[in-house]
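The values are calculated or read from the model by the stated rules, or taken from the named source; none is laboratory data. Only a predicted model underlies this, so the values are computations on that prediction, with no experimental measurement involved. Counting neighbours? That spans all protein chains shown, and the Cβs are built from the backbone with ideal geometry, glycine included. When the accessible area is computed, the model is the full protein with side chains, heavy atoms only, and any ligands, DNA or RNA have been set aside. Shrake-Rupley method; radii C 1.70, N 1.55, O 1.52, S 1.80 Å.
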Amino acid sequence: MRLVTRADLDGLACAILFMENEKVDELLLVHPQEITDKKVEIRADDTLANLPYHPDCGRWFDHHLLTDSNEKPPAQFEGIYRQAPSAAQLVWEYFGRAEHHRRMVEETDRFDSAQLSESDVLKPQGWVLLGFTVDPRTGHEDQEAYFRQCLDWLAEEPLEKVLVKPAVRDRIQRMFEKNEAFCWELMKHSRLDGNVVFTDFRGVPDPTVGNRFLIYTLFPEANVSVRAQFKGRERVMVNVGHSIFNRTCEVSVGDLMSSYGGGGHFGAGSTPLPIIDADTRILDIIAALQDPQNA
Ligand SMILES: [Mn+2]
């Protein structure tokens, strides 16, 4: 069997569960968009986990909302699909919910659905800490090699022993350093506009990539964040996300972003904007996100 998953904590937990219960001959790490765009060849002996459905796969486990761009699964298929906090939860259930993996699955649930506390963001521990180091959005180098290394270790040793390995500690150290630099950049380039915190990285040549939740620890008054930065020379990328602490924003970010040509989910999304009228459109986006009582 070939396991096809994505290189995040949920994919890692899925892989640990499959490797303990079945013979996994090969592990392929892909980005969900590569499945949606049919850029990878999927085979009948493939198990897809934490990824959109592909008609050629043998089994499928996923928990993400089905969107218009996703291939619809048939009524009957091998595996489990359900909206759930993580795909690992579904794979765990498939293999009979072994007690010794309960902690890993519960923490993966929290991490994957961003049910995190401020201390999970500022001083993460355990699976959440490991989750941030493997997160493909954290901007570290050699993510795939690191993911595979962690998986090999976790197949043999408990999490506590893996977290103190020099390579892991090194990554944790660098992650905290990056987050520190990122906090300063966020403070310097953000302003609060009612319930919206707007970060303008358009003047920053090479912005640090840090923890995407830090902005909500710096601006607890905001319930939604908007960040703009250049993408190439012709476009501005705008990222919008609901605060994970102040969960009062009722605007569907995905719908708002799709009206500008982008997309996303209820709580987060992004859109490219042409440079020429980015300013006006950003103001429109901020206005659309503002609570009526701030108007
Ligand atoms: Mn997931």
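Below is a table of values for the structure above.
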{"item": "Helix-only CD estimate at 222 nm, as mean residue ellipticity for the chain, using -39500 (n - 2.57) per DSSP H run (n ≥ 4)", "result": "-11500 deg cm²/dmol"}
{"item": "Neighbourhood charge, 14 Å Cβ-Cβ cut-off, centred on residue 111 and excluding it, Lys, Arg +1 and Asp, Glu -1", "result": "-3"}
{"item": "Label point distance in nm, residue 187-residue 38, each placed 7 Å from Cα along Cα→Cβ", "result": "5.1"}
{"item": "Heavy-atom accessible area ranking, 1.4 Å probe, most first, across 279, 62", "result": "279, 62"}
{"item": "Folded to 0 to 90 degrees: helix 9-21 orientation relative to the chain principal axis, Cα", "result": "10"}
{"item": "Projected area averaged over orientations for segment 1-147, convex hull of C-alpha atoms, nm²", "result": "9.0"}
{"item": "13 Å beta-carbon shell around residue 246, net charge (K/R +1, D/E -1)", "result": "-3"}
{"item": "Span from the segment 12-40 Cα centroid across to the segment 175-201 one, whole angstrom", "result": "34"}
{"item": "Dipole in debye (nearest 20) - the chain, about Cα centre, beta carbon charges: Lys, Arg +1; Asp, Glu -1", "result": "440"}
{"item": "Antiparallel %, DSSP beta bridges [both residues in the chain], to 5", "result": "55"}
{"item": "Portion, in percent, of the accessible area of the chain that falls on carbon or sulfur, probe 1.4 Å", "result": "50"}
{"item": "Residue-count net charge about residue 1 - beta-carbon cut-off 11 Å; Lys, Arg +1, Asp, Glu -1", "result": "-1"}
{"item": "Peptides ranked, highest mean first, by Cβ atoms within 10 Å: ranges 81-87, 120-126, 11-17", "result": "11-17, 81-87, 120-126"}
{"item": "Inverse of mean 1/r across different Cα pairs in the chain, Kirkwood, Å", "result": "20.3"}
{"item": "Mean separation of Cα contacts under 8 Å, 6 or more apart, over the residue count of segment 31-74: relative contact order %", "result": "33"}
{"item": "Computed E for residue 157/residue 291 - FRET, C-beta separation, R0 45 angstrom, nearest 0.05", "result": "0.40"}
{"item": "Relative contact order [Cα under 8 Å, 6+ residues apart], segment 210-295, whole percent", "result": "23"}
{"item": "Folded to 0 to 90 degrees: helix 166-189 orientation relative to the chain principal axis, Cα", "result": "20"}
{"item": "Mean separation of Cα contacts under 8 Å, 6 or more apart, over the residue count of segment 82-241: relative contact order %", "result": "16"}
{"item": "Residue order for 47, 280, 217 - accessible surface, 1.4 angstrom probe, largest first", "result": "280, 217, 47"}
{"item": "Förster radius 51 Å - calculated FRET efficiency between residue 78 and residue 276, Cβ distance, rounded to 0.05", "result": "0.55"}
